[in-house]
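Shown next, in structure tokens, is the structure this report addresses.
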Amino acid sequence: MTVHIVKLCVGADSVEDLAEWQVGQLKRAKKEKCKIVAPVCGTRMWPKRIQDVLAGGSLYWVIKGVVTVRQKIIAIDDVTDDHGERCGLYLDAHLYRTVPQPRRAFQGWRYLDPKDAPADLGEAQGGADLPEHLRRQLVELGAW
């Protein structure tokens, strides 16, 4: 059974910030001749349901209190970063914008059941052409 992960995107103010950070991460890894070939999110705790996550799961990013984007998880393996050796959630480089979903702050990450995950933002939901800050304001007002 597929399960997703939701995690706070600390330090990013927008989806564009996240994308820029990940491009920079790959450039640094290439420069330092690291084995990282895909964006990776390091986390202290390993998921116990690894097979469920790898069966089509995504990492849903909470940016400024709202789930706004997801990335497919392509592998889970060790990663060494500024914090030492940790669990690495290796991600597909493509960012899928989602229907905004408010989320309170929490530590670490949480499992996210597929039925509770926000849908990808598309023509059917409308608003795909709105700027991110306007979508965020609509969520804050309770209009989305």
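The values are calculated or read from the model by the stated rules, or taken from the named source; none is laboratory data. Every value quoted in this text rests on a predicted model; they were computed, and no experiment measured them. Neighbour counts are summed over all protein chains in view; Cβ atoms, including those assigned to glycine, are modelled from backbone coordinates with ideal geometry.
Some observations on this one:
- Of the residues making up segment 1-31, just one is in contact with a Pro (Cβ under 9 Å, 6 or more places away or on another chain), assigned to a helix (DSSP H, G or I) and among the β-branched types (Val, Ile, Thr), namely VAL23.
- Selection within segment 32-61 - touching a Pro at 6+ places or on another chain (Cβ under 9 Å) and aromatic (Phe, Trp, Tyr): TYR60
- Tallying residues that are on the phi > 0 side of the Ramachandran plot and basic (Lys, Arg) within segment 63-95 yields 1.
- Annotation: VAL62 fulfils all but one of (1) in contact with a Phe, Trp or Tyr (Cβ under 6 Å, 6 or more places away or on another chain); (2) modelled with pLDDT of 95 or more; (3) not basic (Lys, Arg); the unmet one is (1).
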